[in-house]
1. Taking segment 108-136, which residues are basic (Lys, Arg) and within 23 Å of the chain's Cα centre (by Cα)?
2. Working carefully through the options Val55, Val18, Val28, find the one that is more than 20 Å from the chain's Cα centre (by Cα) and either among the charged types (D, E, K, R) or closer than 30 Å to Ser114 by Cβ (or both).
3. Is at least one residue of segment 39-52 part of a helix (DSSP H, G or I) and either β-branched (Val, Ile, Thr) or buried (at least 17 other Cβ atoms within 10 Å of the Cβ) (or both)?
4. Going by the structure shown, is Ser80 polar (S, T, N, Q), surrounded by fewer than 15 Cβ atoms within 10 Å (Cβ to Cβ), assigned by TED's automatic domain parsing to the domain that holds Val135 and out of contact with any Gly (no Cβ under 7 Å at 6 or more places or on another chain)?
5. Please count how many residues of segment 67-93 are part of a strand (DSSP E or B), within 17 Å of Gln115 (Cα to Cα) and either touching a helix residue (DSSP H, G or I) at 6+ places or on another chain (Cβ under 8 Å) or in contact (Cβ under 8 Å) with a residue 24 or more places away in the chain (or both).
6. Would you mention how many residues in segment 113-135 are in a strand (DSSP E or B) and surrounded by 13 or more Cβ atoms within 10 Å (Cβ to Cβ)?
7. Examine segment 15-37 for a residue that is hydroxyl-bearing (Ser, Thr, Tyr) and either modelled with pLDDT of 90 or more or at positive phi (or both), and state whether such a residue exists.
Amino acid sequence: MKTRMRGIEPIIAVVILVAVTLVIAIGVIGWIMGWWGTFGATESLQFYPDSYIDVAKNQLLLHLKNTGSASAVIYKIEISGVETLTDTADFKGGTVKDGTVGPGTEDILTISISQGKYTAGANYLVKIYTRAGNVYSVTVQAK
């Protein structure tokens, strides 16, 4: 006498598959929408037009605000055609330390630049690189 093995009923299998699919879909949507903590947090830096280069003091002044929900960590600032700044200890302001701009933080970063490389009245393209992989561009005037 042979015994036949029976599987689960097809209707029960469909219910299990639908339930697993819904759980996975809710998890993915929650992750994308940021419902599960900081997984969905993003940085978003906004630069104000009063940013400029002070030729007399050899400083780049960047007025910025992080409008995102995660800290932005600046690791490099590039002034196109002139110089690249990578000393994060120099990327600081009143509340910003070592290039880390917290969510909701508005500050003016005062960054030392090379002497004699900038002409008063000229415009320079400044690119700001963050650890999240974002590159922000802002045009500043040397005064």
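1. Of segment 108-136, the ones basic (Lys, Arg) are 117, 127, 131.
Across segment 108-136, the qualifying residues are Lys127, Arg131.
2. Working: Val18 fails: either among the charged types (D, E, K, R) or closer than 30 Å to Ser114 by Cβ (or both); Val28 fails: either among the charged types (D, E, K, R) or closer than 30 Å to Ser114 by Cβ (or both).
Testing whether each residue is more than 20 Å from the chain's Cα centre (by Cα) and either among the charged types (D, E, K, R) or closer than 30 Å to Ser114 by Cβ (or both) leaves just Val55.
3. Step one: list which residues in segment 39-52 are part of a helix (DSSP H, G or I), which gives 39-40.
Within this subset, residues satisfying the condition of being either β-branched (Val, Ile, Thr) or buried (at least 17 other Cβ atoms within 10 Å of the Cβ) (or both) are none.
For segment 39-52, residues part of a helix (DSSP H, G or I) and either β-branched (Val, Ile, Thr) or buried (at least 17 other Cβ atoms within 10 Å of the Cβ) (or both): absent.
4. Details: polar (S, T, N, Q): yes; surrounded by fewer than 15 Cβ atoms within 10 Å (Cβ to Cβ): yes; assigned by TED's automatic domain parsing to the domain that holds Val135: yes; out of contact with any Gly (no Cβ under 7 Å at 6 or more places or on another chain): yes.
So Ser80 passes the test.
5. So in segment 67-93, the residues part of a strand (DSSP E or B) come out as 72-79, 83-85.
Then drop every residue that is not within 17 Å of Gln115 (Cα to Cα), which leaves 77-79, 83-85.
From what is left, the residues that are either touching a helix residue (DSSP H, G or I) at 6+ places or on another chain (Cβ under 8 Å) or in contact (Cβ under 8 Å) with a residue 24 or more places away in the chain (or both) are 77-79, 83, 85.
Total meeting the criteria: 5.
6. At the first step, the residues of segment 113-135 found to be in a strand (DSSP E or B) are 123-130, 135.
Subsequent filtering for residues that are surrounded by 13 or more Cβ atoms within 10 Å (Cβ to Cβ) retains 124-130.
Adding up the residues that qualify gives 7.
7. Looking only at segment 15-37, we keep the residues that are hydroxyl-bearing (Ser, Thr, Tyr), and these are 21.
Those left that are additionally either modelled with pLDDT of 90 or more or at positive phi (or both): 21.
Yes, the conditions are met somewhere in segment 15-37.
Table: residues versus (1) of a type in the set (Asp, Glu); (2) under 14 Å from Leu64 (Cβ atoms).
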| site | (1), (2) |
| --- | --- |
| Asp98 | yes, no |
| Gly104 | no, yes |
| Ile108 | no, yes |
| Gln115 | no, no |
| Tyr124 | no, no |
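The values are calculated or read from the model by the stated rules, or taken from the named source; none is laboratory data. Given the structure is predicted, the values throughout are model-derived calculations rather than measurements. Cβ coordinates were reconstructed from backbone atoms using ideal geometry, including for glycine residues, and neighbour counts include every protein chain displayed.
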